[in-house]
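Student: Got a structure for you, questions after.
Computed from the coordinates by the stated procedures, all read-outs in this text should not be read as laboratory data. Bear in mind that the values here come from a model prediction, so they are computed numbers and not experimental data. Cβ coordinates were reconstructed from backbone atoms using ideal geometry, including for glycine residues, and neighbour counts include every protein chain displayed.
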Amino acid sequence: MNLDRKYWDSRYAEQNTGWDLGQPSPALCAFMDSITDTHVSVLIPGCGNAHEAAYLHAKGFDQVHLLDISPLPLKQFMQRIPDFPKEHIHCDDFFQHLGSYDFILEQTFFCALDPSLRVPYAQHMKHLLKPGGKLAGLLFATRFDTPGPPFGGDEAEYRNLFAPVFPSVLLEPCTASIPARSGRELWMECQRD
């Protein structure tokens, strides 16, 4: 399976988006609610319908950047949130994206990537973060019976992936999962040196 732009375009065109919560992730909202500086730069890669971006925009965060390989959800987002800064919407391949951010939010992007891309994912996340910046979000703490995406994993696997790249790695059971994912998610925070 080639998980390229054509694949994701077809998923959005067919509205085959079972990963979409239809609302911002409660765990990510709680995390961002703890940040008082609304001028921090935030990247949401693989943002899809970008419910978290709409939430942050409504709270006055003015440096939120969206990134998705498919233009379809980005166009829909612009229709829903017309006053969102157009220059903060990036239709690009994550691994080609350049920028420098205080925070990067992970919400179902990692699990959508072929597992062979996990090491490059961790390395590029570090590259995109400013010194002291943080990658935060949710990872599935389960293995799936069907071929991905989504692709799952477990805490030990993730710790072995992120610990060589980030000096500070927090992985713990998520206590703010939606009911359908309760007990199957880890909360992650990886801080760059």
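Student: Provide 154, 33, 68 in ascending order of the number of other Cβ atoms located within 10 Å of each residue's Cβ, fewest first.
Tutor: Listing 154, 33, 68 from fewest to most nearby Cβ atoms yields 33, 154, 68.
Student: Compare the Cα positions of 23, 115, 161 along the charge dipole of region 5-191 (+1 at Cβ of Lys, Arg; -1 at Cβ of Asp, Glu; about the Cα centre) and return the one farthest towards the positive end.
Tutor: 115
Student: Sticking with this structure for a sec: Report, ordered by chain and residue number, the aspartates and glutamates lying within cross-link reach of residue 6, taken as a straight Cα distance under 18 Å and ignoring same-chain residues fewer than 8 apart.
Tutor: In chain and number order, the partners are 14, 68, 92, 93, 114.
Student: Which shape class applies to region 46-104: rounded if a/c is under 1.5, otherwise prolate when a/b exceeds b/c and oblate if not, where a ≥ b ≥ c are the square roots of the Cα gyration tensor eigenvalues?
Tutor: oblate
Student: Determine the sum of side-chain charges near residue 108: Lys and Arg each +1, Asp and Glu each -1, restricted to other residues whose C-beta is under 13 angstrom from that of residue 108.
Tutor: Counting the neighbours of residue 108, the net charge comes to -2.
Student: Still on this model: Treating cross-link reach as a plain straight distance, find the aspartates and glutamates whose alpha-carbon is under 15 Å from the alpha-carbon of residue 130, omitting any fewer than eight places away in the same chain.
Tutor: 102, 189, 193
Student: Does the chain come out rounded, prolate or oblate, given a ≥ b ≥ c as the square roots of the eigenvalues of its C-alpha gyration tensor, rounded meaning a/c under 1.5 and, failing that, prolate meaning a/b above b/c?
Tutor: rounded
Student: Could you compute the net charge surrounding residue 66? Neighbours are other residues with a C-beta less than 13 Å from the C-beta of residue 66; K and R count +1, D and E count -1.
Tutor: Neighbour charge sum, excluding residue 66 itself: -1.
Student: Hey, another quick one. When 4, 83, 92 are ordered from fewest to most other Cβ atoms inside 10 Å of their Cβ, what list results?
Tutor: Arranged by neighbour count, lowest to highest, 4, 83, 92 become 83, 4, 92.
Student: Return the percentage of antiparallel bridges among DSSP beta bridges fully within region 37-193, rounded to the nearest 5 %.
Tutor: If we restrict to bridges inside region 37-193, about 45 percent are antiparallel.
Student: What value, in deg cm²/dmol to 500, does the helix sum -39500 (n - 2.57) over DSSP H runs of n ≥ 4 give at 222 nm once divided by the residues of the chain?
Tutor: Using -39500 (n - 2.57) per qualifying helix, the result is -8000 deg cm²/dmol.
Student: I need the peptides 131-140, 107-116 ranked by packing, meaning the mean over residues of other C-beta atoms within 10 angstrom, with the highest value on top.
Tutor: So the peptides 131-140, 107-116, ranked by packing, come out 131-140, 107-116.
Student: Determine, for 89, 104, the number of other Cβ atoms within 10 Å of each Cβ, and report the residues in order from fewest to most.
Tutor: Starting with the residue having the fewest Cβ neighbours, the order is 89, 104.
Student: Students often check this: by mean Cβ neighbours within 10 Å, which of 158-169, 37-48 ranks highest, and how do the rest follow?
Tutor: 37-48, 158-169
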